[in-house]
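FYI, it's all coordinate maths here, none of it is from the lab. Everything numeric here is computed off the predicted structure, so don't read it as measured data. Please note: Cβ atoms are built from the backbone with ideal geometry, for glycine as well, and neighbour counts cover all protein chains shown.
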Amino acid sequence: MTAETLVGVLVLLPFIVGGLSFLIRSEGLRKPFVIAFSLVMIIASLWLFLEVYNYGTLVSNPSPVWEYLIFAVDCLLIGYFLYVGITNKHYLIILLAAFQSVSFPLISLPFHKQVKPVLYIDLLSVIMCLVISLIGSLIVVFALDYMRNHEVHHRVNPSRQHIFFFFLISFLGAMNGLVFANSLFWLFLFWEITTLCCYHLIRHDLTEEALGASLRALWMNLAGAVALIIGIGLSLHNFDTVVIQELISSGVVGPALLLTLALFCFTGFTKAAQVPWQGWLLGAMVAPTPVSALLHSSTMVKAGVYLVLRLAPGFVETQLSAAIAIFGAFVFMVTSVLAIGQSNAKRVLAYSTIANLGLIICCAGINTGLAIAAAMVLIVFHAISKGLLFLVVGTIEQQVGSRDIEDMEGLITKLPVLSGIALVGMISMLFLPFGVVFGKWAGIQAASEPVTTWFFLIVAMLVMGSASTLVYYAKWMGRLISCAPDSSGSSEVKAPLAYGTLMALAVLAVGLSFLVVPLVVNVIDPAAVAVGYEEGFKVVGTALATPWGAFPVWPLFVAVVLALVIPALVVRLKPAEVSAVYMCGVNVDERHLVFRSAVDGHVQVETGGTYWTQWFDELSLNKWINAAGIVLLAVLFVGVVL
Amino acid sequence: MNGSDILMALAALALAPLIGGILRGLDRILTARMQGRIGPPLWQPFYDFIKLCAKSKKASHRGPVVWAWAYLVLTVTAWLLFVLRQDLLILLFILAFAGASLALGAFSVRSPYAHFGAYRELLQMLAYEPILLLAAVAIFLKTGSFMVGDVLGFEQPLLISLPLTLVAVLIALGIKMRKSPFDIAASEHAHQELVRGVYTEYSGPTLALIELTHWYELVLVLGIISLFWVIPLWVGIIIALSCYFLEILIDNITARLRWSWMLTVGWSLGVGLILLNIVIVEFFGLGLRL
Amino acid sequence: MGLITKSRIKSPWIVHYSCGGCNGCDIEILACLTPLYDVERFGILNMGNPKHADILTVTGPVNHRNYRVLKNLYEQMPDPKVVLAIGACACTGGVFHNCYNVLGGIDKVIPVDVYIPGCAPRPETIIDGVIMALKKLNEKGSKAE
């Protein structure tokens, strides 16, 4: 099998399988079919990875016939968005789609130059492809069990799963296409397809909330696409090219190029739900959990940061780069702070996603070899951990009936396995030596280097966001593990496919963190070198070293095993050593959290979480944060022109 | 890692609690003297520790005991990273993991008092984490490295160019050492207060573990302060000890303040001072020479 | 004298519970903490939590409402532990003896190791009582070992 065939499989197979699972209405038949598809995707992506890893960047020029097809599909999509706007009487969507329907043919029709290469697949692309195909496929498998329960819970009859799986699976193809594309027209097509899939997946439940959220997601993403079209127009007008690689390696860094790149980055920000565009991602959590997991971890938002990262070599050491770094750090800080005040688990995770994407964008803006490598590390590990956490929360929601953190109190006794996986996920998001924090560490190390005038603001915002992250995750973990001696036994319903997926992701999160040295040295560093940076990391002894720091991988793992794993296995209490908690002496007995009231009644103790809403109130903070976000974006564009 | 490193690590492992315990004893004596009392003997913390070890075990369930061990082992790890001259940022991240373990241990019991303490402990971390991390960045900007080893080899005393950073670190130190006005979660001294926050549900040997961890923590934090003057090292140690004395003094002349005030001080004054220091050093070139 | 014995004697932590007398004895106990008497000289600390304490000091007569609290606080203290009854009320019920709501001295509810009489006892007496209690504490501790 040639590499081109693999690319074809990775991009086209999801659409074919999506279409087929639309036709297959029987769940029993769809299940083995989708599992087989996932296996094929995982194998194909690994294979392609090895091809590119061994033989270097792959370029490919499919037959020019595809260009016509793409133009046709693009027109269809824009027409469909216009139709959606009109039927929903959503004037913003109508306006944006109408603008696209005029400007897109205007730009693309007169263009007849042969684009070369159409597909440009380097290590960065295949890393993204691996993340999409591996984690995305696992989420699709998870969805098989989940959606059956979901429809039982919501009494959906007749089943609408075929529509769901059509869009869910096609999403993977669109994402793979997006990261392979080198022609801006191809990129635009896949960009629009992800918008379409996202729109349909969010509105899947057809509740009023879902419809509203889907329309919001649609108009925000269309706004991003408008910037993309304007960018393409500028690129054609000024440089007569639609090839990303030509654009970023043209060598002449002037205001015209920077404005084009700034527009593309702006598009990336909308997709990555950066402030002030965070509304659509927060709304998107009304969708069934696999959708949230997919949107937040491996697809959609990662498309946004991928685009910024892909373009980063084009604006090295410019004011634009500094502005992007400041913007990303700002988003990281404010969304981390906002998350402290949230009690809705999915909302906490959504803010955490936006924060981490901000961190990745900040790294892209810092734009040194170390920063770019840190960004790639973050993309990989964040996808794993966040996918895991969303799926866990969804499973908890199905078993507990709530996604509120307050209702997860003491879950460790009711759902021990699930809570254990959730704790692994959170620890992997929050503490060293796990991958996400390794990425954050590398990010702070990179941000400390005075490459821009404003580096001190960037690093200050990063450390403040980092401290906030600790608080909101630790608070949540605290609710999960809080339990009394009288806690009742487990009532866990373990669906094999769903639990299998969760286990696989948890093992991946921990295992890959342990293998971070080979991962960084063999994959991430070469990927950064391939896009034109110097190596960020080198190996010193057993540690992974940056030019001014070192991360001792396995000693830290030994420490964590000694600190948590061994005590958890060894520490046991004899029955005589168990005692009640202190309650001013008015406990009714030793084992129950019940106290005697003033009139001799028995009162059950309730403990509640604290969210300090007088300080971290979303509603009152949002207008300031959004205003600051808009100002920073304006600065970004003004800085380019000056 | 070679033989002398291993020896040094072992020595540090054994000496830190000894020094930490003596410093705590000194603290109690000094505090008593400042209040017009005589105070306990110097070895009092060790008597307390051994007595606690000899008491019977009691716990709500095994969760808090596991987290207490995590608190100890992770703090010791941070201390060893310091002694073995490793990365300051890594050390601080591990220290944050340790601090969170203490809060999580309190969370793991369904006790209203412990939960109060745990939330306040997290607020304390929210206030001091940015200061400590930014201080590491300031040190990096002067020495060109995050490695403790390279900081130890840096010829020029950091205090000359980073005095404001030291002031900010003192704020963080006060919070970390649970001293007034920032002893929000539970004072280091055995005051009666909300039944003593995070420690409410700990007793006997587990409480002794936590006490031991505090000794390691104290020595580590003072060690970080002594980095501000490493050649000759005894000047740094004197600076660290005077900072400790200053904290005891402040502890005795101030009252506890609200957490919101602590957060404001940490995020505005603490972070602001370090940023000002960085700006002065980086852009005005001041503090570069002795 | 072994290290554990010495430590145990040198570090008695107290938790104080007032069953509700006239507060005279409570004030005398607090007086012990002041610079004049400074019980921290002997390593004595006043804790707010029975889980941290070695010695339970009780003042006031135990009654039908609070005997359960007293019992619970006693049970929550980890071994070895001793109980001090401070003042006439705690020892025997004092002036409240034979009141309709009063059970009497606290030894009706929990075992008492040292009785400190007086209404109210002077701080010197209380300190002396604590020192006597330490002997008992050590006996109990050694027996357990």
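Summarising the strand pairing of the stretch C:13-144, around 10 percent of its internal DSSP beta bridges are antiparallel. Oblate is the label for the stretch C:13-144. Its Cα gyration tensor axes, ordered a ≥ b ≥ c, give a/c of at least 1.5 and b/c at or above a/b. Helix-only arithmetic for chain A: the sum of -39500 (n - 2.57) across DSSP H runs with n ≥ 4, divided by the residue total, places the mean residue ellipticity at 222 nm at -22500 deg cm²/dmol. Over chain A, Cα pairs under 8 Å with separation of 6+ residues give a relative contact order of 14 percent.
Each of the peptides A:301-307, A:574-580, B:143-149, C:44-50 was scored by the mean count of other Cβ atoms within 10 Å over its residues; in descending order, highest first, they stand as A:301-307, C:44-50, B:143-149, A:574-580.
List the relative contact order of chain C as a percent without decimals, with contacts defined as Cα pairs under 8 Å and 6+ residues apart. Walk me through the intermediate numbers first.
On the way: 284 pairs, mean separation 38.1, N = 145.
Here the relative contact order equals 26 percent.
Measure nothing but the geometry: give the 0 to 90° angle between the long axis through the Cα atoms of A:369-400 and the longest principal axis through the Cα atoms of chain A, rounded to 10°. Between the helix axis and the principal axis of chain A, the angle is about 50 degrees.
Which pairs break 24 Å Cα to Cα here: B:Lys179/C:Lys81; C:Lys6/C:Lys140; C:Lys71/C:Lys140? Provide the component values of the computation, followed by the final result.
On the way: B:Lys179/C:Lys81 30 Å; C:Lys6/C:Lys140 14 Å; C:Lys71/C:Lys140 19 Å.
Over 24 Å apart, Cα to Cα: B:Lys179/C:Lys81.
Distance from the alpha carbon centroid of the stretch A:251-273 to that of the stretch A:514-538 works out to 25 angstrom. The dipole here belongs to the stretch B:3-284: it is taken about the Cα centre, uses +1 on the Cβ of Lys and Arg and -1 on the Cβ of Asp and Glu, and is about 940 debye. Normalised by residue number, the volume inside the convex hull of the Cα atoms of chain A is 167 Å³ per residue. Our estimate of slack between A:Trp624 and A:Val578, defined as 0.36 nm per intervening residue step minus the Cα-Cα distance, is 11.5 nm.
Using the Cα centre of the stretch B:67-170 as the reference point, and only Cβ charges (+1 on K/R, -1 on D/E), how large is the resulting charge dipole? Debye, rounded to the nearest 20.
Here the stretch B:67-170 has a charge dipole of around 240 debye.
How many angstrom separate the Cα center of the stretch A:546-572 from the Cα center of the stretch B:77-153? Here the answer is 15 Å between Cα centres.
Enter the mean projected area of the convex hull around the alpha-carbon atoms of the stretch B:3-284, in nm², rounded to one decimal. Please report the intermediate quantities before stating the final value.
Values: hull surface 58.6 nm².
One quarter of the hull surface, i.e. the mean projection, equals 14.7 nm².
Using a Cα-Cα cut-off of under 20 Å, which aspartates and glutamates could be cross-linked to A:Lys574, ignoring same-chain neighbours fewer than 8 residues away? The qualifying aspartates and glutamates are A:Asp486, A:Asp589, A:Glu590, B:Glu201, C:Glu75, C:Asp79, C:Glu145.
Computed 3J(HN,Hα) for the stretch A:180-196, one whole-Hz value per residue from the Karplus formula 6.51 cos²θ - 1.76 cosθ + 1.60 where θ = phi - 60°, is 8, 5, 10, 7, 5, 5, 5, 4, 4, 4, 5, 4, 5, 5, 5, 4, 4, glycine and proline marked x.
Quick one, could you list the DSSP H helices from chain C stretching 20 Å or more along their long axis (Cα atoms) with average Kyte-Doolittle hydropathy of -0.5 or above? Kindly include the intermediate steps, with their values, before the conclusion.
Working: long enough: C:123-144 (31 Å, -0.12).
Passing helices, by number: C:123-144.
Going toward the positive end of the dipole of chain A, with +1 on Lys and Arg Cβ and -1 on Asp and Glu Cβ, which of A:Ile421, A:Leu196, A:Ala3 do you reach last? Checked the options; the winner is A:Leu196. Cβ crowding within 10 Å, taken as a proxy for footprinting-reagent exposure, orders A:Phe171, B:Phe140 from fewest neighbours to most as B:Phe140, A:Phe171. Name the residue from A:Gly549, A:Leu168, A:Gln114 whose Cα lies farthest towards the positive end of the charge dipole of chain A, charges +1 on Cβ of Lys and Arg and -1 on Cβ of Asp and Glu. Going by the Cα projections, it comes out as A:Leu168. Across the stretch A:332-462, Cα pairs under 8 Å and at least six residues apart give a relative contact order of 28 percent.
Exposed loop sites are taken as trypsin sites (Lys or Arg not before Pro) in a DSSP loop (any state but H, G, I, E or B) with at most 11 other beta carbon atoms within 10 Å; the longest stretch of chain B without one runs B:1-257.
Residues A:Met285, A:Met128, arranged from fewest to most other Cβ atoms within 10 angstrom of their Cβ, appear as A:Met285, A:Met128. Give the lysines whose C-alpha is closer than 26 Å to that of A:Lys346, dropping any in the same chain fewer than 8 places away, or say none. Output for A:Lys346: A:Lys271, A:Lys302, A:Lys386, A:Lys414, A:Lys440, A:Lys475, A:Lys494, A:Lys623.
Once the C-beta distance of A:Phe71 and A:Asp240 is scaled by a Förster radius of 25 Å, the resulting FRET efficiency is 0.85 to the nearest 0.05.
What's the local net charge at C:Thr59, with K and R +1, D and E -1, over the other residues with C-beta under 11 Å away?
My count for the surroundings of C:Thr59 gives -2.
With each label modelled as a point 7 angstrom along the Cα→C-beta vector, the A:Leu12-B:Ala9 pair spans 5.6 nm.
Think of each Lys and Arg Cβ as +1 and each Asp and Glu Cβ as -1; about the Cα centre, that makes the dipole of the stretch C:13-144 roughly 400 debye. In chain C, the DSSP-assigned H stretches of four residues or longer account for a calculated mean residue ellipticity at 222 nm of -12000 deg cm²/dmol, using -39500 (n - 2.57) per stretch and the full residue count as denominator.
Counting other C-beta atoms within 10 Å, which of C:Cys99, A:Cys198, C:Cys19, A:Cys265 has the fewest, and how do the rest follow? Kindly include the intermediate steps, with their values, before the conclusion.
Working: C:Cys99 12, A:Cys198 29, C:Cys19 24, A:Cys265 32.
Listing C:Cys99, A:Cys198, C:Cys19, A:Cys265 from fewest to most nearby Cβ atoms yields C:Cys99, C:Cys19, A:Cys198, A:Cys265.
For chain B, what does -39500 (n - 2.57) per DSSP helix run (n ≥ 4), summed and divided by total residues, give at 222 nm, in deg cm²/dmol to the nearest 500? Don't jump to the answer; show the numbers that get you there.
On the way: 12 runs with 203 residues, N = 290.
The helix contribution divided over chain B gives -23500 deg cm²/dmol.
Extending 7 Å from Cα along the Cβ direction at A:Tyr55 and again at A:Glu606 yields two label points whose distance is 6.5 nm. How much net charge surrounds A:Lys574 when only the other residues with a Cβ under 13 Å from the Cβ of A:Lys574 are counted, with Lys and Arg +1 and Asp and Glu -1? Net charge in that neighbourhood comes out at +3.
If I take R0 = 51 Å and measure r between the Cβ atoms of C:Asp79 and B:Thr264 in this structure, what FRET efficiency does the formula 1/(1 + (r/R0)^6) give, to the nearest 0.05? For C:Asp79 and B:Thr264, the calculated efficiency is 0.65.
The value obtained for the stretch A:296-426, namely the Cα convex hull volume divided by the number of residues, is 88 Å³ per residue. The alpha carbon centroids of the stretch A:406-425 and the stretch A:142-178 are separated by 26 Å.
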